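Below: one structure, written as structure tokens.
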Amino acid sequence: MKLNTIAALMALAGICSVGVAAELAEDPEAIRLRIGTGDPVAGKAKSESELCQGCHGEEGVSNVVGVPNLAAQFAPYLIKQLSDFRTQSRRHRIMNAMAEGLSETDLPDIAAYFASRSRPKEDGAGGPDANAKDLFLYGDVERNLDACASCHESDARGRVSRGVAYPALAGQQSGYLRVQLLNWKAGIRNNSPQGVMNRVASQLTEAEISELANYLSGL
């Protein structure tokens, strides 16, 4: 789908916020990659009828503790997670049941809608944490610990590279990030490409995980 078509559809549907419009004008290719191949207009209706908005918020910003923000996330990443929930290669009692009822066209449409929303920022969280910032940007050579930014970009807004979507982390709920990193560390969650997140999280202390989660939520 061409970017100008996406923008026109979103504007007609009343879902192109000032923030998204600015980003569309600022970096069209980045927004095209973020939205993917789905129809954000159809996705808005589907995300409501499938009850996605009940937990994740109408604008993809959740008010529920432990439920992730989806706004401005990469659609290909959201599609992968929904697919993993359907096959139960990622386990979550509610999401496994919700994803099971979605069709192959529902996935890209719902993902495109949430990808089209304005980027969230968690109020009151984050802040200048030198240790967390260094870990995120540079990793730790002594531990052979990769920098988070090498996959998620230095601004933590994620990217798509060689068919793999690395999720945006900036503005995500700190509690959600902490739980996911702990799950990666414990091997409870293991659906990252080549197990990279299990390898990275296994080298982080619980204190570092909390620091990183708080730092990223405030970006």
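Read-outs: derived from the displayed coordinates by stated rules, not from any lab. Predicted model, so just to flag it, every value in this text is computed and none were measured. Neighbour counts run over all protein chains shown; Cβ positions are idealised from the backbone, glycine included.
Some notes on this structure:
- Spin-label model, Glu100 to Glu206: label points 7 Å out along the Cα-to-beta-carbon direction sit 3.4 nm apart.
- The alpha-carbon atoms of the stretch 130-217, seen along their principal axes, cover 33, 29, 27 angstrom, with the largest extent given first.
- Charge tally in the Cβ shell below 10 Å around Asn198, where Lys, Arg are +1 and Asp, Glu are -1, Asn198 excluded: +3
- Each peptide in 178-184, 58-64, 193-199 receives the mean, over its residues, of other Cβ atoms within 10 Å, and ordering these scores from highest gives 178-184, 58-64, 193-199.
- Considering all C-alpha pairs of the stretch 55-210, those separated by over 27 Å amount to 20%.
- Listed values for the stretch 52-67 are Karplus-derived 3J(HN,Hα) couplings in whole Hz (6.51 cos²θ - 1.76 cosθ + 1.60, θ = phi - 60°), namely 4, 5, x, 9, 8, x, 4, 9, x, 10, 7, 9, 9, 4, x, 9, and x replaces Gly and Pro.
- The stretch 130-147 and the stretch 88-115 have Cα centres spaced 33 Å apart.
- Peptides ranked, highest mean first, by Cβ atoms within 10 Å: ranges 66-79, 156-169: 66-79, 156-169
- Count Lys and Arg as plus one, Asp and Glu as minus one, and take only other residues whose Cβ is under 11 Å from that of Arg178; the net charge is then -2.
- Inter-label distance, nm, simple model (7 Å from Cα along the C-beta direction), Arg91/Asn144: 2.9
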